[in-house]
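Below: the structure, in structure tokens.
Readers should treat all values here as calculations from the given coordinates under stated rules, not as data from a laboratory. Just so you know, these numbers come straight off a predicted model, no measurement behind them. Reconstructed Cβ throughout: ideal geometry from the backbone, glycine too, with neighbour counts over all protein chains shown.
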Amino acid sequence: MAANPMSQFDVYRIGPEIKVGAFDISFTNASLFMILSTVSILLIFNLGSKKNSILPNKIQLLAELSYTFISKMISDTAGSKAKPYFAFIFSLFMFVLFCNMFGMIPYTFTVTSHIIVTFVLAAFIFIGVTVIGFIKHGFGYLKLFVPSGVPAVLLPLIVVIEIISYLSRPISLSVRLFANMMAGHTMMKVFGGFVISLGIVGGWLPLSFSVALTGLEILVAFLQAYVFAILTCIYLNDALNLHH
Amino acid sequence: MVKKIYFQSIFFSFFFIKEAFTAESGGMPQLNPEFWVSQIFWLILTFGIMYLVLSKLILPKISNNLESRKSQILENIEAAEKQREDSDAKLKEYDEIISKSKLEANSIFNQAREKVLKDIGAKREVLDKQIDNEIAEAEKEIDALRKNAPDKINKIAIETSSELLQKLIGAEVNNSSISAIVDDLSKRNGDKYYGN
């Protein structure tokens, strides 16, 4: 089992099987790490917002830096109209970031390395953004598919391309995160396996690769959370400020 | 050498992955739908709770904290600015006082100097006048003396010559003739003695 680099993505039941109707909603290792991530997020930000001192302590600084970082990201990409969605994008970024980071601890499970999780998040964002777009602009939101300044001859083609690109948003968004996490963790597992199989003589090279990959993967974990959040902001910007 | 091992390792990794895919339950666990519903359920549950707690409780508090800190910092900056202005005003006042007192000291000094100079001038005038008077008196005296001198000398000369003649010749000579001679002589020689 340990030699198989894909076995780290196995989901297994913890505790009894729970069934609601035809659906199996048993508590699994994925659920465990979702809960761990959310609980640590809530803990950190609760601690970081408890005291209000002029000179913030470390945890307060962390919370406030994250707050300003994300609020700046949102106002930069989606403008001031996106303010009501700040809490959602903040939660999204933190959730993805913490799931990614928890995955970097050995023997843990990476929630975001499962396509179904990322896809549900992306689909929710896609549907939500579309609904917001239609509420804000009515059927005028369909103008998103008709870019201005395109010759009339090319228009049918462009509209089709735009619609396809719009519809592929949830897929690209979810697959980007899932594939990044899965590929990175598989690579690390493979190099880790080489350390054992090449032994004391040749194991040093894959070990050094593993160390370097760990650093890279921590970067990727942050970067993918950031990309996920900023793409959400960009989609939201399309829905809020329709000027295509 | 390193390159070779690196490429070999990559090759092996693909080999291992392929082996894993074929060996165990056929492929990626992600594509096994057994726990999809469970994952969706727990995702919605945890994410929903987290979103609610963050948006209703924690994020407003953080934003409040940031706002209050910002306003407090602004207040402090304002207070500091005010104090700086105050101290600037005080400094100006101090400078003014210093310059004023300097001017005052200068004027006092000038006054004192003027007074002293005036005193000196007055005293000098008095002294000058005195000296002038004395000089004038002395000059008058000298003039008087000078004016009297030829007469006296003439007189002495006349008396002396008359006595001389008397003793030498034994005859009394008329004083008036002698005086005429002396006058003539003294007139002739006066220029030589007095220079006037």
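Remark: B:Tyr94, A:Tyr107, A:Tyr67 ranked as A:Tyr107, B:Tyr94, A:Tyr67, counting other beta-carbon atoms within 10 Å and listing the fewest first. The order of A:His137, A:His243, A:His114, A:His185, going from fewest to most other C-beta atoms within 10 Å of their C-beta, is A:His243, A:His137, A:His185, A:His114. Convex hull volume of the Cα atoms of chain A, normalised per residue: 199 Å³.
Based on the Cβ-Cβ distance from A:Ala212 to A:Leu155, what FRET efficiency comes out when R0 is 51 Å, to the nearest 0.05?
Calculated transfer efficiency: 0.55.
Report, in degrees rounded to the nearest 10, the 0 to 90 angle that the Cα long axis of helix A:58-78 makes with the longest principal axis of chain A. Taking Cα atoms only, the helix is inclined about 40 degrees. Per-residue mean of foreign Cβ neighbours for A:94-107 is 1 (Cβ atoms of other chains, 10 Å radius). As a rough footprinting exposure proxy, the listed residues B:Trp36, A:Trp204 were ranked by other beta carbons within 10 Å of their own, and the order from fewest upward is A:Trp204, B:Trp36.
Taking 7 Å steps out from each Cα toward its Cβ at B:Lys102 and B:Ser68 produces label points 5.2 nm apart. The amide H of A:Phe27, built 1.01 Å from its N in the peptide plane, has A:Ile14, A:Ile18 as neighbours under 5 Å, considering only residues 5 or more places off or on other chains. Normalised by the number of residues in chain A, the average gap of Cα pairs under 8 Å and 6 or more apart makes the relative contact order 25 percent. Across peptide B:44-56, the mean count of Cβ atoms from other chains lying within 10 Å of each residue's own Cβ comes to 6.
Percent of Cα pairs in the protein assembly as shown per distance bin of 10 Å, from zero to the largest separation: 4, 13, 16, 13, 10, 5, 3, 3, 3, 3, 3, 3, 3, 4, 4, 4, 4, 2, 1, 0. If you take the Cα centroid of region B:126-187 and the Cα centroid of region B:63-124, the two points sit 84 Å apart.
For the peptide A:38-46, the mean number of other protein chain Cβ atoms found within 10 angstrom of a residue's Cβ is 4. Of the cross-linked pairs A:Lys50/A:Lys83; B:Lys152/B:Lys187; A:Lys50/B:Lys61; A:Lys72/B:Lys70; B:Lys147/B:Lys187, those separated by over 19 Å at the C-alpha level are A:Lys50/A:Lys83.
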